[in-house]
Amino acid sequence: MEIIALILFISIFILILYGYPVAFTLGGLSLLYAFCFLEPIALSALPLRIMGVMTNYVLIAVPLFIFMGIMLERSGLAESLLETMAILFGRLPGGLAISVVVVGALLAASTGIVGATVVTMGLISLPTMLKRGYKPELATSSIAAAGTLGQIIPPSIVLILLGSVLNRPVGALFKAAFVPGFLLVGIYILYIAIVAFAKPQTAPAMPPETIRAFKDKGFVRRLVRAFVMPLLLIVAVLGSIFTGWATPTQAAGVGALGATLLTIVQRKFNMATLNTVMRETTHLTCMVFVILLGATTFAFVFREMGGDLYLSELVQNANLSPMLFLLLVMLVVFIAGFFIDFIEIIFIIVPVVAPIFQQMGVDLVWVGILIAINLQTSFLTPPFGFALFYLKGVAPPQITTQQLYRGIVPFVIIQVLFLLLVIFFPEIAIGKGK
């Protein structure tokens, strides 16, 4: 029976790689195996398991944060932020690329949606950077890397789903991700600054007359609207969670309302915008929850067949230390990230390995942060990095795939080294080694 459970796991992976719908592959194939190999009475507990997932109060944060992110995308906030940051950093070599990273961090802390951030910044900032003489490799890689910060910087949808699967408080994951997320932002900025000062021709500063022209157009008022108000929203959402004033779900409600008010202030709010945001929110939320139902069915059947116990015995018999097993899981997640989406990885791989980590006494909050950083790395890694596909889709025709791949390599190296840093120094994320 345990071998059949492993065959189920491998079968699901193969069918997903062939392009079959994830939710129906997870749920449908699991039920098929259950009907064939389990006693009918075993399935009587499945509806209770599904209802337990559907009534999980924390998961209400998912549609609220998705609404918040899409509403902010429609508000024109990214464009205003990029213009403002370009003025602030424009005098420096590499200033535009640094402003892209800063805006990527702010959008990540506001939305947590990678695809929307990469596409928005690619449309707005890439033509400007190329026009200012930036080397295409640096311009594209800084946008792609900044766009994936939404994987790790709270309020990240990835962290909410990981909290649900790992059965750990989402607030604890948000707190643990805060320092690594913004430390990574600082490392990105440091790398860009070093490259720009070493080779100024690859990332020239903006002409002084351009900066003066921007400042003549009511700069202070635009700074307040573009920078201060989104910052207040981020503080309201994350601050209320970290101080314990609100649960992540309540803070998500505050964020959704705040994003709507910001859109009104930006004069971009109308019924058409609201209709579009609600439709996209419903679409993405349904996708996430249908996959979640399929994943719940898979996890239930896999455990009923004894697959989790069998894997645990294999690890124990192999005499793998917790650190060696962790590195093995990180490698599997990294490779899987080339081929399948982060939601699928969270709902397929994480439920299988989480009980083993728990038996080993490994802090699951720390594991969740490592998985989030790992997924962020796989989003950037050629040839299958999803962020690169998003950016290529909106890049000017003269940007080649080879330029995208060459440019992103230093950022991938930074990501891998940073992941190893958090693995060997857990206190970066959780305050003390585990």
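What follows is calculated from the coordinates using simple rules that are stated; it is not laboratory data. What you see is a predicted model; the values in this text were computed from it and never measured. Note that we place each Cβ from the backbone using ideal geometry, even for glycine, and neighbour counts take in every protein chain shown.
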**Request:** Of the options Ile414, Leu232, Leu31, report the single residue whose Cα projects farthest towards the positive end of the charge dipole of the chain (beta-carbon charges: Lys, Arg +1; Asp, Glu -1).
**Result:** Leu232
**Rough spin-label spacing in nm, given labels placed 7 Å along Cα→Cβ, for Ile413 and Met271** = 5.6 nm
**Message:** Amide H of Ala205 versus every other amide H placed in the peptide plane: which residues, excluding those fewer than 5 positions away on the same chain, fall under 5 Å?
**Reply:** Gly94
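Mind checking the full-extension length gain between Leu17 and Leu32? Use 0.36 nm per residue of separation minus the Cα-Cα distance, one decimal, nm. Present the calculation step by step, with values, prior to reporting the outcome.
Details: separation 15, 0.36 × 15 = 5.40 nm, distance 1.92 nm.
Result: 3.5 nm gained on full extension.
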**Subset of Lys135/Lys268; Lys175/Lys268; Lys135/Lys392 violating a 25 Å alpha-carbon distance limit** = Lys135/Lys268; Lys175/Lys268
**Message:** As I understand it, the dipole of the chain uses +1 on the Cβ of Lys and Arg and -1 on the Cβ of Asp and Glu, about the Cα centre. Which of Gly122, Ile153, Pro169 lies farthest toward its positive end?
**Reply:** Gly122
**Request:** Taking the Cα centre of region 282-434 as origin, work out the dipole magnitude from +1 charges on Lys and Arg Cβ and -1 charges on Asp and Glu Cβ, in debye rounded to 20.
**Result:** 400 debye
**Request:** Take the alpha carbon atoms of region 310-326, find their center, do the same for region 350-379, and report the distance between the two centers in whole angstrom.
**Result:** 15 Å
**Request:** Rank Val185, Val301, Val315 by mean-square fluctuation in a GNM of the chain with C-alpha springs under 10 angstrom and give only the top-ranked residue.
**Result:** Val315
**Prompt:** If you find the alpha carbon centre of region 1-61 and of region 79-111, how far apart are they in angstrom?
**Reply:** 43 Å
**Complete:** Expected vector for region 200-205, Karplus 3J(HN,Hα) from phi with 6.51, -1.76, 1.60 and θ = phi - 60°, integer Hz, x for Gly and Pro, equals x, 5, 7, 8, x, 6
**GNM flexibility winner over the chain from Ile41, Ile187, Ile356 (Cα, springs under 10 Å)** = Ile41
**Asked** Once label points are set 7 Å from the Cα along Cα→Cβ at both Leu48 and His283, what is their separation, rounded to one decimal in nm?
**Response** 3.9 nm
**Request:** Work out the charge dipole of region 1-152 with +1 on the Cβ of Lys and Arg and -1 on the Cβ of Asp and Glu about the Cα centre, then indicate which of Met85, Leu48, Ala109 is farthest towards its positive end.
**Result:** Met85
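Size of the dipole of the chain about the Cα centre, Lys and Arg at +1 and Asp and Glu at -1 on the beta carbon, nothing else charged, in debye to 20?
Details: 23 positive and 16 negative charges, 347 e Å.
That gives the chain a dipole magnitude of about 1660 debye.
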**Calculated P(r) over Cα pairs in 10 Å bins from 0, in percent (choose from [x] 4, 18, 23, 21, 16, 11, 5, 1, 0; [y] 3, 12, 14, 10, 6, 5, 5, 4, 4, 3, 3, 4, 6, 7, 6, 4, 3, 1, 0, 0, 0; [z] 4, 21, 30, 26, 13, 5, 1, 0), label** = [z]
**the chain: most fluctuating residue of Thr401, Thr140, Thr297 per GNM, C-alpha cutoff 10 Å** = Thr401
**Prompt:** So what are the ³J(HN,Hα) numbers for region 263-279, from phi and the Karplus equation (6.51, -1.76, 1.60; θ = phi - 60°), rounded to whole Hz, Gly and Pro as x?
**Reply:** 5, 5, 4, 6, 6, 10, 8, 7, 5, 5, 5, 4, 4, 5, 4, 5, 5
**Asked** What is the packing order of peptides 45-54, 98-107, taking the mean over residues of other C-beta atoms within 10 Å and listing the highest first?
**Response** 98-107, 45-54
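Report, in deg cm²/dmol and to the nearest 500, the calculated mean residue ellipticity at 222 nm for the chain, where each DSSP H run with n ≥ 4 adds -39500 (n - 2.57) and the sum is divided by the residue count. Can you show the working numbers first?
On the way: 23 runs with 333 residues, N = 434.
About -25000 deg cm²/dmol.
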**Item:** region 277-295-region 239-273 distance, computed between alpha-carbon centres (Å)
**Value:** 20 Å
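Dipole magnitude of region 231-343 about its Cα centre, charges +1 at Lys/Arg Cβ and -1 at Asp/Glu Cβ only, in debye to the nearest 20? Write out the running numbers ahead of the final one.
Numbers: 4 positive and 5 negative charges, 116 e Å.
So the magnitude is around 560 debye.
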**Prompt:** Rounded if a/c is under 1.5, else prolate if a/b beats b/c, else oblate: with a ≥ b ≥ c from the C-alpha gyration tensor eigenvalues square-rooted, which is region 188-342?
**Reply:** oblate
**Request:** Starting with the highest mean, order 13-22, 284-293 by the number of other Cβ atoms within 10 Å, averaged over the residues of each peptide.
**Result:** 284-293, 13-22
**Request:** Note down the nm distance, to one decimal, between modelled labels 7 Å out along Cα→Cβ at Met323 and at Val220.
**Result:** 5.6 nm
